[in-house]
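First the structure, in the form of structure tokens, and then the observations on it.
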Amino acid sequence: MHDAHRHTQPVERVVTCGTFSLDGGVWEVSNNVWIVGDDTEVLVIDAAHDADAIAAAVGDRSLVAVVCTHAHDDHVNQAPALADRYGAPILLHPAEAPLWQMTWPSRTPDRALADGDILRAGGIELRALHTPGHSPGSTCLYAPDLDILFSGDTLFSGGPGATGRSFSSFDTIIESVRDRLLTLPPQTKVCTGHGETTRIGAEAPHLQQWMARGH
């Protein structure tokens with residue numbers, strides 16, 4: 001029974017802190033870890049930095065899967081620990097393999113995450129949207145019944161994610177945001193990988209500015 005610790009919200013955020021490392025640089029970062037589901041079962045999106053804090057939020061609920069929006073180390077560095085604790089699979093788009101192997105060379109994700117896949121937890125459906133650019137296999141998760149998009153590092157409040165490092169492409173992320181994300185209903189809440197939430201309608205005006213700006 002979960003009566004003593006009832007989870008009334010279908011979406012919970014756990015903010016964790018650590019580092020992001022790529023191309024020889026190291027940056028201090030805070031990450032949003034999203035827990036989606038009900039009192040019985042949940043998905044965890046992007047297990048970052050602190051497996052104990054994430055597990056404390058999951059509690060004794062069943063963990064259906066650890067879903068990785070992409071494989072930068074700050075988004076996957078606790079995926080195996082959390083998955084092993086609950087006996088849950090790790091899901092990741094196959095195009096992320098080179099980035100994943102930088103952090104976990106001796107382990108592979110359990111299941112491929114493909115465009116159009118439907119994930120379910122606690123009666124909530126999430127549809128995978130492949131949105132390359134920030135990285136080759138970056139994937140957003142869209143919950144139409146909640147009017148929520150989990151955007152990873154593809155879209156933030158103020159514009160698309162960074163594309164200045166290995167395996168990224170500015171032109172590709174602009175195309176992904178324009179064709180896959182800004183076509184969603186404008187009221188859709190965007191739950192990002194870092195920082196504050198936004199809405200699709202609030203980000204649409206920024207796209208032309210970003211296209212003009214280039215890198």
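The values are calculated or read from the model by the stated rules, or taken from the named source; none is laboratory data. Keep in mind it's a predicted model, so treat the numbers as computed, not measured. Cβ placement follows ideal geometry from the backbone for every residue including glycine, while neighbour counts extend to all protein chains displayed.
Points to keep in mind about this one:
- One residue from H93, H49 being under 26 Å from P10 (Cβ atoms) and surrounded by fewer than 24 Cβ atoms within 10 Å (Cβ to Cβ): H49
- From the list V58, V64, V76, the lone residue that is over 21 Å from T183 (Cβ atoms), more than 16 Å from the chain's Cα centre (by Cα), crowded, with 18+ Cβ neighbours inside 10 Å and in contact (Cβ under 8 Å) with a residue 12 or more places away in the chain is V58.
- Residues of segment 28-41 classified as touching a Pro at 6+ places or on another chain (Cβ under 9 Å) and buried (at least 18 other Cβ atoms within 10 Å of the Cβ), total: 2
- Applying the criterion of at least 1 residues that are surrounded by fewer than 21 Cβ atoms within 10 Å (Cβ to Cβ) and on the phi < 0 side of the Ramachandran plot to the strands (runs of 3 or more DSSP E) found wholly in segment 106-182 leaves 118-121, 124-130, 139-143.
- Residues of segment 6-47 satisfying the condition of being more than 13 Å from F150 (Cβ to Cβ), part of a loop (DSSP other than H, G, I, E, B) and not basic (K, R): H7, T8, Q9, D23, G24, D38, D39, T40, A47
- Within segment 154-196, if we keep just the residues that are of a type in the set (K, R) and within 22 Å of D46 (Cα to Cα), the residue that is modelled with the lowest pLDDT turns out to be R165.
- Check on G195, on the phi > 0 side of the Ramachandran plot, surrounded by 21 or more Cβ atoms within 10 Å (Cβ to Cβ) and either hydrophobic (A, V, I, L, M, F, W, C) or touching a residue at least 12 places away in the same chain (Cβ under 8 Å) (or both): no
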